[in-house]
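A.B. asks: Structure below; questions to follow.
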Amino acid sequence: MTAGPPPAREAHEAGAYQPGRPRGAGAAAPILARFDRRRLALLESAGPPGRRLLDAGAGRGRFVAHARAAGWDARGIEPSAREDAMHVERTSIEAAGIGPGSLDAITLWHVLEHVEDPAAVLGRLHGWLVTGGVLVVGVPNLASVQARLGGPRWYHLDLPRHRTHFTAKGLAALLERTGFETPRTHHLLLEHNPFGFWQSAVNRAAPTPSWLYNALKRNAPLQAADAVPTALALPLVPVALAAEAAAGLVRRGGTVAAVSRARR
């Protein structure tokens, strides 16, 4: 009898999300800073009523640090937060002791697909926001071109860590049902989309899906048969950039960001 996949909790602790500094993190710092600027720009474009910001699922606290440097009263929550993570509390959305109406903005960046009950999570976040408070949600897009290209090897499928997958239309409907205005959605996102397109294409030929990402996360050996198709596919990176840009223009980007306001 073949053992099934590990429970989601174990998969997070032992898999690609395990604690530790990824390979190449220093070299990637300027790129990551650009991603943080883009996320903050999405938030600021909505005009939150104040500067009290929570990053729910803050990871190592990189975005929290960026927002604080930009003048926000920012903090984060993260179930697996490290002790040295500044302004990030080690707790979950379900257990966090945050008062009603105590926040002006929340970012939920590639977290909603991981939770067991997305509607319950969004309802809880809605209660934390003031009326008119802004919520920015980023999730993979099941209706994307790269999802169709990758099929069962789509980079953002990532089972069992991703428990729910959304389309832009489905996410908007869920936000409206949990107390938010119809969101503005964005499909042209450099942070995940071009790499997701390229990796999804590589996954169709590679022995192990998403080997490069896992190797960078120190979750896969560098010396592996997967390195060959990955290396051969590197010249296709500009093609992936162009293809994903075209997909984003027709609102079929690999991930989608929704910016919405809490209503009462």
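A.B. asks: Scanning segment 150-184 for residues that are polar (S, T, N, Q) and surrounded by fewer than 19 Cβ atoms within 10 Å (Cβ to Cβ), which turns out farthest from residue 240 (Cα to Cα)?
C.D. replies: 182
A.B. asks: Next up: In contact with an Asp or Glu (Cβ under 7 Å, 6 or more places away or on another chain), under 28 Å from residue 117 (Cα atoms), of a type in the set (D, E, K, R) and surrounded by fewer than 18 Cβ atoms within 10 Å (Cβ to Cβ): which single residue out of 52, 90 fits that description?
C.D. replies: Every option except 90 fails the conditions.
A.B. asks: Looking only at segment 87-126, count every residue that is polar (S, T, N, Q) and either under 17 Å from the mean Cα position of the chain (by Cα) or not in a loop (DSSP other than H, G, I, E, B) (or both) and tell me the total.
C.D. replies: Result for segment 87-126: 2.
A.B. asks: Right, another one. Taking the residues in segment 52-86 that are within 16 Å of residue 37 (Cα to Cα) and assigned to a loop (DSSP other than H, G, I, E, B) as candidates, determine which candidate is nearest to the chain's Cα centre (by Cα).
C.D. replies: 58
A.B. asks: Something else about it: Among the residues of segment 201-213, is any in contact with a Pro (Cβ under 9 Å, 6 or more places away or on another chain), farther than 19 Å from residue 232 by Cβ and in a helix (DSSP H, G or I)?
C.D. replies: No; the residues of segment 201-213 include none that is in contact with a Pro (Cβ under 9 Å, 6 or more places away or on another chain), farther than 19 Å from residue 232 by Cβ and in a helix (DSSP H, G or I).
A.B. asks: I've got another one for you. Sort out which residues of segment 172-191 are acidic (Asp, Glu) and over 14 Å from the mean Cα position of the chain (by Cα), and write them in order of number.
C.D. replies: The answer is 176, 181.
A.B. asks: For segment 202-223, give me each residue that is more than 16 Å from residue 156 (Cβ to Cβ) and not hydrophobic (A, V, I, L, M, F, W, C).
C.D. replies: 207, 208, 218, 219, 221, 223
A.B. asks: Moving on. Could you look through segment 214-264, keep only residues that are at pLDDT 95 or above and basic (Lys, Arg), and pick out the one that is nearest to residue 127 (Cα to Cα)?
C.D. replies: 263
A.B. asks: Oh, and also: What number of residues within segment 227-264 are part of a loop (DSSP other than H, G, I, E, B) and farther than 17 Å from residue 196 by Cβ?
C.D. replies: Selection size over segment 227-264: 2.
A.B. asks: OK, next. Taking interchain pairs and intrachain pairs at least six residues apart, which have beta carbon atoms under 8 angstrom, with the first residue in segment 126-138 and on the phi > 0 side of the Ramachandran plot and the second at pLDDT 95 or above and assigned to a strand (DSSP E or B)?
C.D. replies: Once the first residue is on the phi > 0 side of the Ramachandran plot and sits in segment 126-138, its partners that are at pLDDT 95 or above and assigned to a strand (DSSP E or B) give 132/261; 132/262.
A.B. asks: Criterion first (assigned to a loop (DSSP other than H, G, I, E, B) and either under 22 Å from residue 170 (Cβ atoms) or out of contact with any helix residue (DSSP H, G or I) (no Cβ under 9 Å at 6 or more places or on another chain) (or both)) does residue 158 satisfy it?
C.D. replies: yes
A.B. asks: Can you pull out the residues in segment 127-149 that are assigned to a strand (DSSP E or B) and buried (at least 20 other Cβ atoms within 10 Å of the Cβ)?
C.D. replies: Passing the criteria: 129, 133, 134, 135, 136, 137, 138, 139, 140, 141.
A.B. asks: OK, next. I'm trying to understand the selection: among the residues of segment 191-210, which are touching a helix residue (DSSP H, G or I) at 6+ places or on another chain (Cβ under 7 Å) and hydrophobic (A, V, I, L, M, F, W, C)?
C.D. replies: Answer for segment 191-210, where residues must be touching a helix residue (DSSP H, G or I) at 6+ places or on another chain (Cβ under 7 Å) and hydrophobic (A, V, I, L, M, F, W, C): 197, 198, 201, 202, 205, 206.
A.B. asks: Does segment 165-189 hold any residues that are part of a loop (DSSP other than H, G, I, E, B), closer than 24 Å to residue 250 by Cβ and in contact with a helix residue (DSSP H, G or I) (Cβ under 7 Å, 6 or more places away or on another chain), and which are they?
C.D. replies: Passing the criteria: 165, 182, 183, 187, 188.
A.B. asks: In addition: Between 215, 201, 258, which is touching a strand residue (DSSP E or B) at 6+ places or on another chain (Cβ under 6 Å), crowded, with 19+ Cβ neighbours inside 10 Å and small (Gly, Ala, Ser)?
C.D. replies: 258
A.B. asks: Quick check: anything in segment 80-95 in contact with a Leu (Cβ under 9 Å, 6 or more places away or on another chain), under 27 Å from residue 199 (Cα atoms) and at pLDDT 95 or above?
C.D. replies: No, the conditions are met nowhere in segment 80-95.
The values are calculated or read from the model by the stated rules, or taken from the named source; none is laboratory data. Fair warning: this is a prediction, and the values are worked out from it, not measured in the lab. Note that we place each Cβ from the backbone using ideal geometry, even for glycine, and neighbour counts take in every protein chain shown.
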